[in-house]
Amino acid sequence: DESAILAGEGPLMKDLVEIADIDFNSVNITSILVIFVIMIFVFKSPTIPVLLIAVIEFAIFVNMSVAFYTNQTLPFVASIIIGTIQLGATIDYAILITNKYITFRKDGKDKKQAIDEALGTSISSIIVSGLCFFGATFGVGVYSQIEMIGSLCSLMARGAIVSTCVVITLLPAFLMLLDKVICKTTLKMSKIK
């Protein structure tokens, strides 16, 4: 019957997921683009924002995949909330290392020295920040009686640890690997060898 209307939990959930999926994609793309544009102005490079966002999106992917492999049931809003919060929180860690790396490269240090010193001077700040974020969200995740809040906070806690590890391990490796490209595409670094 063309005039029939489906009602109940199933059709409502289907409509909600379909509508929310469009919103989730829009929010993800918008948040990535906004951070990308901000970082282009900060670093004066098109390469560095792509690298930083790729590393952080990988950390988000790892965080969300753990939930899949452990058969953890998540609220349907989890991906959008975790994606934006983890991106916003982790970008600071990545910017800290990258900024120091660029400063050391401009000061004449080779790429290995620049990475060693950038990581050495920022690792404690990143670990403390990541552990504080973990501690603030883990406690709520464990003790919350509201399932949605508990699972979101648990995801954020795990995301803090994953992001910290990824930024400390993968980002320096990619900065070294892409050093020539970064130097050629970053303003005032083209003469660095």
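The values are calculated or read from the model by the stated rules, or taken from the named source; none is laboratory data. From a predicted model like this one, the values you see are computed outputs, not experimental measurements. Positions of Cβ are generated from backbone atoms using ideal geometry, with glycine treated the same way; all protein chains shown enter the neighbour counts. All accessible areas refer to the heavy atoms of the entire protein, side chains included, with ligands and DNA or RNA removed. Shrake-Rupley method; radii C 1.70, N 1.55, O 1.52, S 1.80 Å.
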Starting from the 7 Å offset along Cα-to-Cβ, what nm value, one decimal, do you get for the label separation of Leu12 and Ser190? 6.1
Charge dipole magnitude, Cβ of K and R +1, D and E -1 - the range 147-193, Cα centre, debye nearest 20: 520
Read-out Cα Rg over 2.2 N^0.38 Å, derived from the coordinates shown; its label in (i) 1.46; (ii) 1.24; (iii) 1.02: (ii)
Percent accessible area from carbon and sulfur atoms, the chain, protein chains only, probe 1.4 Å: 68
Putting +1 on Lys and Arg Cβ atoms and -1 on Asp and Glu Cβ atoms, find which of Leu33, Ile85, Ser45 reaches farthest to the positive end of the dipole of the range 1-116. Ser45
Pulled fully out, how much extra length does the chain show between Thr103 and Phe61, if you take 0.36 nm times their separation in residues and subtract their Cα-Cα distance? 12.1 nm
For the chain, calculate the relative contact order in percent as a whole number, restricting contacts to Cα pairs under 8 Å that are 6 or more residues apart. 27
Where only protein heavy atoms count, and the probe is 1.4 Å, what is the accessible area per residue for the range 29-71 in Å²? 55
Can you tell me the orientation of helix 147-177 relative to the chain, as the angle in degrees between its alpha-carbon axis and the longest Cα principal axis, to the nearest 10? 30
Starting from the Cα of Lys44, step 7 Å along the direction of its Cβ; do the same at Ser3; then give the gap between the two resulting points in nm. 7.0
In Å², rounded to a whole number, the accessible area per residue of the range 154-193 with probe 1.4 Å is 53
Enumerate the lysines that Lys188 could reach by cross-link, defined here as Cα to Cα under 30 Å, with residues fewer than 8 away along the same chain left out. Lys44, Lys100, Lys106, Lys109, Lys111, Lys112, Lys180
For the range 99-166, what class follows from the C-alpha gyration tensor (a ≥ b ≥ c being the square roots of its eigenvalues): rounded when a/c is under 1.5, otherwise prolate if a/b is larger than b/c, else oblate? prolate
Reduced to Cα centres, the span from the range 7-84 to the range 154-189 in Å works out to 19
Subtract the Cα-Cα distance of Glu147 and Asn25 from 0.36 nm times their separation in residues, and report this length gain in nm to one decimal. 41.5 nm
